[in-house]
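Notes follow the structure.
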Amino acid sequence: MDHAFEVLMDKIKKYNKNAEDERALIYKAYTRCKEEHSNQHRHSGEPYFIHPYEVACILADMELDSEAIIAGLLHDVIEDTPFGYEQLKEEFGPQVAMLVEGVTKLDKIKCISKEEAHIENLRKMFFAMAEDIRVVLIKLADRLHNMRTLKHMKPEKQLEKAKESLDVYAPLAYRLGISKIKIELEDLSLKYLDSVAYYEIVDGLSQKQSERDSYVQNVRDVIADKMESMGIKCHIAARAKHIYSIFRKMYNQNKTLDEIYDLFAVRIIVDTVAECYAVLGIVHEEYKPIPGRFKDYIAMPKPNMYQSLHTTVIGPDGQPFEIQIRTWDMHRVAERGIAAHWKYKEGKAGNSDNLEWVNKLLEIQSEAVDPEDFMRTLKIDMFADEVFVFTPRGDVIGLPAGATPIDFAFYIHSAVGYKMTGAKVNSKIVNLDYKLKNGDIVEIITSGASKGPSMDWLKIVRTSTARNKINSWFKKENREANIERGKNAVENELKRVGMSQSALFQNKYLDPMLKRYGFANVEEMYAAIGFGGITSAKIVTRLRDSYQNDHKETASPEMLPKQISRKTTKSDSGIEVRGVDNCLVRLSRCCNPVPGDDIIGFITRGRGVSVHRSDCINILNENLTDDMRKRMIECNWLDDISSSFSAELSIECTNRSGILADVIGVVSEQKLNLIAANARGLKDRTALIDITIEVTNKEQIESIIRKLHRVPGVYDIKRTVQ
């Protein structure tokens, strides 16, 4: 049989006890790969088949299952050959087809922007798009081999791939705990991004190789003797720190290579955790530890599962060096990261419950008892509250989960949203309420003849940006209708208070009022009233006050509102009611007004004056009778109020783990008293959180709303009106 295939099988046999049973299917994929790529060549001139074969070998070195290795062999067939998804599924099964299709999708992601936010979106997108973690591992192997053969590419392509590898792929490998791939990608990237620095470090390390070997051998002999006397079996090795890490140290500390002393680390590998700590004590007895340079990653693992003891000590010649102490299981995880995680399922490295990052990252669909079964069930669930989609140009856009093409359009530009008439997702027309999925390519259809957004869009969108821009459009574009609505509202209010427009709409009263509220002219005032930005009662009250102050001596009873007297009531709740003597004043529970809110009173039958916010839906209700409107009365807050008030907020958010705790945490940080909290899940992974807090004024409400908008997953907050 083919020698190259036997080399691959030898790698697989080292860790896979079922390798011989799976040989036939792996060989079938091997030959299929050769056939499909038979007429293709790489930039180096060698057969293209070499690339997928080397990717499969890298995956075997990572000890992945047969499905992943078969997918590695076939990872380019969908994209580059006539061999399609359905054929792949029929010959090699749905799991292999899914893996290959997943890698093909990731191939479409391009690192166009240099902005950090864009790069972070790319990293997240890799996780979010890969339903199975093996897709990301195959993609990392694919990129690693491409970087190993980058010398055959054009210089501009070398720079592009090296930058992309350093910004996206090396951090991905680190996130997954695969240090071998991370280190190699970083070093290869530096080789092309700054070849002068790379070779300067390589030459410097080479010149000191014999000196370093002698030094390390001395350290190894001392530690080995101590270990033997203690009866501890151990493996001791030394390695030079990788080139990129040395480069970063030189760059950050502005030092030359000669000024960097800890160029190597000694690694001691033992059998048990107890032996790790015993070895640490022996090392500290023999060499003086440097204060503040000890890290216990066994008790507190890194987020990517890495565990080890790190200590920096002073060596025989006063030269500092690092010692890492770990068990063999920890070493396998450190080298292979998440690909080695199945060992935990077999109970060989303790309880996986302590691996917080793994528990968060991976959703174990079912209990697995062998490596293949376990790897098959690994799912990414790290960014469930976000969705990442493409623009037609290939840019990556991050939106809240449940976002629609309308949210996407307004994210791009308000003009795109205003002219939107439809949307295509992956080249197919979709409804505007379509929920975007990771990896969707979204194209917005626009028309200059568009009549603008619909009010129904407000029920569909998930982002506050889209909601605010739609509201803004209605405020501006429906100007004529709003002006007419505002005029009618003012006329009705004038009738209610028994005043004439000719009396109140004089420039000496009108101009100061317009200036106070920031209106350029009367039409702008009418438009604001029609849109709901301010109430007609507030405008007329301000004008009437100015008129009455100007006519204090001459005002006749006929000029005052006919249903009230000129007396005033001041309530214990901090509200002044003008025109009513000695009556009960209470705050309405439907809108919970607080100091700073625009308010208006309503004279009830037998229960005094009920005070509402001016924007309360019960006050703005078009179905109010004329008799009811006549019972509305002016109210103001007193200047000195020491009472506290309850305010209810309704928070629309993503239904993610911990979001209620985050919301309550923000309230606590603001030192506000939380009276009540209620959360309920809705459809499409959304949730509604209702909280009641104790405040002293409107500013506190506005402040807490701003803070809550920063909580990940929160996309809309409203004060409750019942």
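In the range 644-658, the residue that is nearest to ASN618 (Cα to Cα) out of those that are free of Cβ contacts under 8 Å to residues at least 60 places away in the same chain and buried (at least 18 other Cβ atoms within 10 Å of the Cβ) is PHE645.
When TYR215 is tested against (1) hydroxyl-bearing (Ser, Thr, Tyr); (2) more than 30 Å from VAL196 (Cα to Cα); (3) in contact with a Phe, Trp or Tyr (Cβ under 9 Å, 6 or more places away or on another chain), only condition (2) is not met. Restricting GLY204, GLY177 to residues that are open to solvent by less than 20 Å² (accessible area, probe 1.4 Å), of a type in the set (Gly, Ala, Ser) and not in a helix (DSSP H, G or I) narrows the list to GLY177.
Condition (residue is crowded, with 18+ Cβ neighbours inside 10 Å and modelled with pLDDT of 85 or more) applied to the range 669-680: is it met by at least one residue? Looking through the range 669-680, at least one residue is crowded, with 18+ Cβ neighbours inside 10 Å and modelled with pLDDT of 85 or more.
In the range 487-534, the residue that is nearest to the chain's Cα centre (by Cα) out of those that are of a type in the set (Asp, Glu) and surrounded by fewer than 15 Cβ atoms within 10 Å (Cβ to Cβ) is ASP511. Counting residues in the range 613-628 that are farther than 22 Å from THR465 by Cα, at pLDDT 80 or above and either assigned to a strand (DSSP E or B) or open to solvent by 60 Å² or more (accessible area, probe 1.4 Å) (or both) gives one or more. Per this entry, ILE298 is not counted among residues that are touching a residue at least 24 places away in the same chain (Cβ under 8 Å), among the aliphatic types (A, V, I, L, M) and in a strand (DSSP E or B).
Scanning the range 1-49 for residues that are in contact (Cβ under 8 Å) with a residue 12 or more places away in the chain and acidic (Asp, Glu) yields ASP2, GLU22, GLU36. Taking the criterion of being assigned to a helix (DSSP H, G or I), among the aliphatic types (A, V, I, L, M) and open to solvent by less than 40 Å² (accessible area, probe 1.4 Å), the residues of the range 233-274 that qualify are ILE243, ILE246, MET250, LEU257.
Scanning the range 401-455 for residues that are open to solvent by 30 Å² or more (accessible area, probe 1.4 Å), under 12 Å from THR391 (Cβ atoms) and in contact (Cβ under 8 Å) with a residue 40 or more places away in the chain turns up TYR411, ILE441, GLU443. Kindly check whether there is at least one residue in the range 471-488 that is modelled with pLDDT under 85 and over 30 Å from LYS459 (Cβ atoms). No, the conditions are met nowhere in the range 471-488. Considering only residues in the range 298-321 that are within 42 Å of the chain's Cα centre (by Cα) and open to solvent by 50 Å² or more (accessible area, probe 1.4 Å), the one that is nearest to LEU172 (Cα to Cα) turns out to be PRO303. Before we move on, is ARG148 of a type outside the set (A, V, I, L, M), surrounded by 16 or more Cβ atoms within 10 Å (Cβ to Cβ), at negative phi and at pLDDT 90 or above? So ARG148 does not fit the description; no. Given the condition at pLDDT 90 or above and part of a loop (DSSP other than H, G, I, E, B), answer yes or no: does some residue in the range 20-33 qualify? There is no residue in the range 20-33 that is at pLDDT 90 or above and part of a loop (DSSP other than H, G, I, E, B).
Within the range 46-62, count every residue that is touching a strand residue (DSSP E or B) at 6+ places or on another chain (Cβ under 8 Å) and open to solvent by less than 10 Å² (accessible area, probe 1.4 Å). Before the answer, list the steps.
We begin by selecting, within the range 46-62, every residue touching a strand residue (DSSP E or B) at 6+ places or on another chain (Cβ under 8 Å); these are 47-48.
From the residues that got through so far, the ones that are open to solvent by less than 10 Å² (accessible area, probe 1.4 Å) too are none.
Count: 0.
Would you mind stating whether GLY665 is within 21 Å of the chain's Cα centre (by Cα), over 30 Å from ALA537 (Cβ atoms) and exposed (fewer than 14 other Cβ atoms within 10 Å of the Cβ)? Break it down stepwise before answering.
Values: within 21 Å of the chain's Cα centre (by Cα): yes; over 30 Å from ALA537 (Cβ atoms): yes; exposed (fewer than 14 other Cβ atoms within 10 Å of the Cβ): yes.
Yes; evaluated as a whole, the condition is true for this residue.
Working carefully through the options ILE633, ILE641, find the one that is at negative phi and buried (at least 19 other Cβ atoms within 10 Å of the Cβ).
Details: ILE641 fails: buried (at least 19 other Cβ atoms within 10 Å of the Cβ).
Only one candidate passes the filter, namely ILE633.
Restricting attention to the range 275-292 and to residues that are modelled with pLDDT of 90 or more and of a type in the set (Gly, Ala, Ser), the residue that is surrounded by the most Cβ atoms within 10 Å (Cβ to Cβ) turns out to be ALA278. Please work out if LYS295 is of a type in the set (Lys, Arg), surrounded by 13 or more Cβ atoms within 10 Å (Cβ to Cβ) and out of contact with any Asp or Glu (no Cβ under 9 Å at 6 or more places or on another chain). Taking the combined requirement at face value, the residue satisfies it.
Here is the figure for the range 55-110: residues that are under 25 Å from ILE181 (Cα atoms), in contact (Cβ under 8 Å) with a residue 40 or more places away in the chain and part of a loop (DSSP other than H, G, I, E, B) total 9.
Within the range 599-622, being out of contact with any strand residue (DSSP E or B) (no Cβ under 7 Å at 6 or more places or on another chain) and within 20 Å of PHE531 (Cβ to Cβ) holds for ASP615, CYS616, ILE617, LEU620, ASN621, GLU622. Of the residues making up the range 522-562, just one is aromatic (Phe, Trp, Tyr) and at pLDDT below 80, namely PHE531. Please verify whether the range 416-439 includes one or more residues that are over 23 Å from PRO712 (Cα atoms) and within 23 Å of the chain's Cα centre (by Cα). Yes; the residues of the range 416-439 include at least one that is over 23 Å from PRO712 (Cα atoms) and within 23 Å of the chain's Cα centre (by Cα).
The values are calculated or read from the model by the stated rules, or taken from the named source; none is laboratory data. In this text, all values refer to a predicted model and were calculated from it rather than measured experimentally. Quick reminder, even Gly has a Cβ in these numbers, built from the backbone with ideal geometry, and neighbours come from all protein chains shown. What goes into the accessible areas is simple: the full protein's heavy atoms, side chains included, and nothing from ligands, DNA or RNA. Shrake-Rupley method; radii C 1.70, N 1.55, O 1.52, S 1.80 Å.
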